[in-house]
Amino acid sequence: MDGHSTYTPKSGIARWFESRLPIVGLVHSSFVAYPVPRNLNYFWAFGAILSFMLIIQIITGVTLAMHYTASAAQAFNSVEHIMRDVNFGWLIRYMHSNGASFFFLAVYIHIFRGMYYGSYKAPREVLWILGVIIYVLMMATAFMGYVLPWGQMSFAGATVITNLFTAIPLVGAGVAHWLWGGYAVGDPTLNRFFALHYLLPFMIVGVVILHVWALHVVGQNNPDGVEVQDVRRDTVPFTPYATIKDLFATAVFFVFYAWFVFFIPNYLLDADNFNPANPLVTPAHIVPEWYLLPFYAILRAIPDKLMGVVALAAAMALLAFLPWLDTSPVKSAKYRPLKKFFFWVFVVCCVGLGYLGSQEVSDSATLVARLLSVGYFGYLVVVLPVLGLIEKTKPLPASIADAVLPHAAPAE
């Protein structure tokens, strides 16, 4: 998609620099003059919010790494040192730990928005797949970061999750032993997790750059799921229209984030993790962070270890195949009554699995988790393909301008 205007340097120095490294022109065409659909709502502001949270996580993470000791004997004490002795260490640590939760909150809203409005459909398949890769990298980064404080729940979580690899035939035991750095979770494990936790965010940045690049090639989707027909009528410049909306949404999001950081910073943390790791003690109820709970519930709902790991991997991998699982030519659920209904059923299944993942194991909870797991997979592999064949959709507007400005005169 072409921008509304091109950048023209005013001074001789600017022209000289632009002819050799056109960074200003790239920024201008990508974030100033870049045309965006005029009907975008505030759900499209979560891309900016996620960028903001990623920057916060990297800055606070690098700062924490300067004071953290990746040793099983010293890790817990080094976190206490950060909290008590480092200037504003408590603030940096709370921003980082709560930032992970708010990062995932924003990404889940971003994903559900994409699923509702069909942002994964052609020509945005690669854009969507890159987003799923970012999501998987985020989960790996968050899990490894959860282990670093080396509290009781950190140790138990690392033991449970790394043991899942042993269920994989042939290579599973080797992968688990490499992660452990031996034959059990210990000091080498913590060193490996710290190294990977430090590395993965920069890999995320690389994939985010590809994600934004792909977005600028194919253009943004919109609530009506109609492609741009006329740039002048259907779009507006990114700045100031989308910029102001993104800044306002980010500011509102930051208020809630700051409220958690300053008033209830430990609300999302497990009490067991305030005790140093002890291999001889197992927490009564091992539970991961809230953003991993739906997948944890799916894992626990299946009695066979290998099949549980397969279901866990499939629950994430299937998201990457949504562009082909959804067979309808209509993108937005706004014009698809049946998809809208089943989408909200799917959301209920996800929320229900998250709740059950936080509860203690029982026969009734396992039964409900299995039913909700069937709903999760059923929506992806049965409902979406079938709806594309049988659903009667509402009429689509001829263009974005017609949807937003139904009485607008056509451009000359």
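State all residues of the range 218-250 that are touching a strand residue (DSSP E or B) at 6+ places or on another chain (Cβ under 7 Å) and among the hydrophobic types (A, V, I, L, M, F, W, C); if no residue qualifies, say none.
Of everything in the range 218-250, those that are touching a strand residue (DSSP E or B) at 6+ places or on another chain (Cβ under 7 Å) and among the hydrophobic types (A, V, I, L, M, F, W, C) turn out to be 228, 231, 236, 238, 242.
Within the range 352-374, track down each residue that is surrounded by fewer than 18 Cβ atoms within 10 Å (Cβ to Cβ) and within 24 Å of residue 327 (Cβ to Cβ).
Answer for the range 352-374, where residues must be surrounded by fewer than 18 Cβ atoms within 10 Å (Cβ to Cβ) and within 24 Å of residue 327 (Cβ to Cβ): just 374.
Table: residues versus (1) among the aliphatic types (A, V, I, L, M); (2) crowded, with 22+ Cβ neighbours inside 10 Å; (3) in contact with a Phe, Trp or Tyr (Cβ under 9 Å, 6 or more places away or on another chain).
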{"position": "96", "(1), (2), (3)": "no, no, no"}
{"position": "101", "(1), (2), (3)": "no, no, yes"}
{"position": "111", "(1), (2), (3)": "yes, no, yes"}
{"position": "125", "(1), (2), (3)": "no, no, yes"}
{"position": "151", "(1), (2), (3)": "no, yes, yes"}
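Report, ordered by the first and then the second residue, all pairs with beta carbons closer than 7 Å, sequence separation of six or more or different chains, a first member in the range 20-48 that is outside any helix (DSSP H, G or I), and a second member that is among the acidic types (Asp, Glu) and crowded, with 19+ Cβ neighbours inside 10 Å.
37/234; 38/234; 39/224
Conditions tested, residue by residue: (1) surrounded by 15 or more Cβ atoms within 10 Å (Cβ to Cβ); (2) not in a helix (DSSP H, G or I).
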| position | (1), (2) |
| --- | --- |
| 208 | yes, no |
| 248 | no, no |
| 260 | yes, no |
| 278 | no, yes |
| 283 | yes, yes |
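Does residue 294 fit the bill of being crowded, with 17+ Cβ neighbours inside 10 Å, in a helix (DSSP H, G or I), touching a residue at least 12 places away in the same chain (Cβ under 8 Å) and touching an Asp or Glu at 6+ places or on another chain (Cβ under 6 Å)?
Against the criterion (crowded, with 17+ Cβ neighbours inside 10 Å, in a helix (DSSP H, G or I), touching a residue at least 12 places away in the same chain (Cβ under 8 Å) and touching an Asp or Glu at 6+ places or on another chain (Cβ under 6 Å)), residue 294 does not qualify.
Which of the residues belonging to the range 317-336 are exposed (fewer than 14 other Cβ atoms within 10 Å of the Cβ) and assigned to a helix (DSSP H, G or I)?
Passing the criteria: 317, 324.
Would the range 103-124 turn up any residue that is in contact with a Gly (Cβ under 9 Å, 6 or more places away or on another chain) and among the basic types (Lys, Arg)?
Yes, the range 103-124 contains at least one residue that is in contact with a Gly (Cβ under 9 Å, 6 or more places away or on another chain) and among the basic types (Lys, Arg).
Computed from the coordinates by the stated procedures, all read-outs in this text should not be read as laboratory data. Just so we're clear, the structure is a prediction, and the values are computed from it rather than from any experiment. Neighbour counts are summed over all protein chains in view; Cβ atoms, including those assigned to glycine, are modelled from backbone coordinates with ideal geometry.
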